[in-house]
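Working notes, beginning with the structure itself.
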Amino acid sequence: MSKYDLTHARHDPSHCLCPGLFQSLKRGDRKRGKLDVTYDYGQGESVRFVGFEPLGADDLRVLQGLVAMASVSGEQGRGLLLSSEPKTEAGQKLRSLLELKWDAIYRDAMVAKGSFRQLAWEIGYKKFGGEQLKAIRISIERLWTVSVIVIRGRNREGFRILSGYRSDDLSGQFFVAINPRLAAAVLGRRPYACINMSEVRALQTDPARLIHQRLCGWIDPGKAGRVELDTICGYVWHNKVTNVKAITKRRQTARKAISALVTIGWTVNEYAKGKWKISRP
């Protein structure tokens with residue numbers, strides 16, 4: 001039996017590819033900034049994310065883990081379908097906390113069930129204690145504050161990224177609902193980005209984690225893509241800088257993060273200065 005239950009996450013591409021949805025944050029950035037980014041998905045569809053605080057790589061990891069947990073079954077976790085008319089009180093509360101609006105009220109969501117300890121382990125935390133538990137709780141709450149508006153032609157959907165519901169304070173067990181767009185990806189009802197959870201656990205830095213998810217959003221397993229250094233920097237930092245030293249430091253950090261992909265089995269070829277062909281295993 002595997003040491004880990006989670007092998008992969010079927011993630012929604014718009015949650016992976018939206019510029020600035022997740023970014024590298026410094027101390028104090030969350031107090032100074034807010035989240036308001038829009039991703040043009042193409043074919044007349046756009047997705048807007050709005051929140052009181054920006055989201056960082058810690059939030060990215062937690063969401064990846066919850067999306068993966070929503071699809072796994074077994075004693076340690078179970079993904080539960082959350083229909084438009086839940087039969088249980090807990091299911092009704094989870095749907096209400098998602099604050100579904102417009103067409104989204106008719107769509108299925110999903111529930112990730114498990115423990116905070118399991119989630120911490122599955123997303124690569126080396127240890128688990130009060131500090132880690134608090135960080136995960138805060139991240140789930142932060143994700144819950146993010147509203148999502150999807151516009152597709154004349155149709156609109158609105159919901160939270162997550163809703164959280166703790167069922168047992170003593171054991172640390174939780175139920176967390178993921179929104180209908182994420183649920184559709186988990187269920188294979190719409191195109192999805194496949195994220196290898198063993199790779200997620202192996203990466204050690206926030207820039208590498210941010211770059212990894214963005215690349216997984218548009219490079220399928222076994223495929224390759226070409227990308228330039230400044231584009232990679234945009235995967236990590238949403239705000240632009242003009243200071244030469246700051247630009248140089250960002251490029252150096254991005255180069256190190258790209259090199260980290262090699263340690264998890266990706267192939268990285270710099271065919272020209274600042275230009276890479278990157279292949280997924």
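The values are calculated or read from the model by the stated rules, or taken from the named source; none is laboratory data. These figures come from a predicted structure and were not determined experimentally. These area figures cover heavy atoms from the full protein model, side chains too; ligands, DNA and RNA do not enter into them. Shrake-Rupley method; radii C 1.70, N 1.55, O 1.52, S 1.80 Å.
Sequence-ordered 3J(HN,Hα) estimates for segment 85-98 from the Karplus curve with 6.51, -1.76 and 1.60 and θ = phi - 60° stand at 10, x, 8, 9, 5, 5, x, 5, 5, 4, 5, 5, 6, 6 Hz, glycine and proline given as x. First check a/c for segment 1-154, with a ≥ b ≥ c the square roots of the eigenvalues of its C-alpha gyration tensor; if it is under 1.5, answer rounded, and if not, answer prolate when a/b is larger than b/c or oblate otherwise. Oblate shape, in that a/c is at least 1.5 and b/c is the bigger or equal ratio.
Straight-distance candidates among the lysines for linking to Lys223, with alpha-carbon spacing under 25 Å and chain neighbours fewer than 8 residues away dropped: Lys256, Lys273, Lys275, Lys277.
Excluding ligands, DNA and RNA, the accessible surface per residue across the chain is 51 Å² with a 1.4 Å probe.
What does the C-alpha gyration tensor say about the overall shape of the chain? Classify as rounded when a/c is under 1.5, otherwise prolate if a/b is larger than b/c, or oblate. Don't skip to the answer; put the middle values down first.
Details: a/c = 1.60, a/b = 1.39, b/c = 1.15.
Prolate.
Excluding same-chain neighbours fewer than eight residues apart, the aspartates and glutamates reachable from Lys126 by a Cα-Cα span under 18 Å are Asp5, Asp58, Asp59, Glu199, Asp206. Extension gain, Glu45 to Glu228: 0.36 nm times the residue separation minus the Cα-Cα distance gives 63.2 nm. Taking a ≥ b ≥ c as the square roots of the eigenvalues of the Cα gyration tensor, an a/c ratio of 1.5 or more together with a/b no larger than b/c marks segment 242-281 as oblate.
Within the accessible area of segment 171-281, the carbon and sulfur atoms contribute 51%, probe 1.4 Å, all protein chains present. For the options Ala257, Ala246, Ala90, a Gaussian network treatment of the chain with springs between C-alpha atoms closer than 10 Å singles out Ala246 as fluctuating the most.
Under the criterion of Cα pairs below 8 Å and six or more residues apart, the relative contact order for the chain equals 22 percent.
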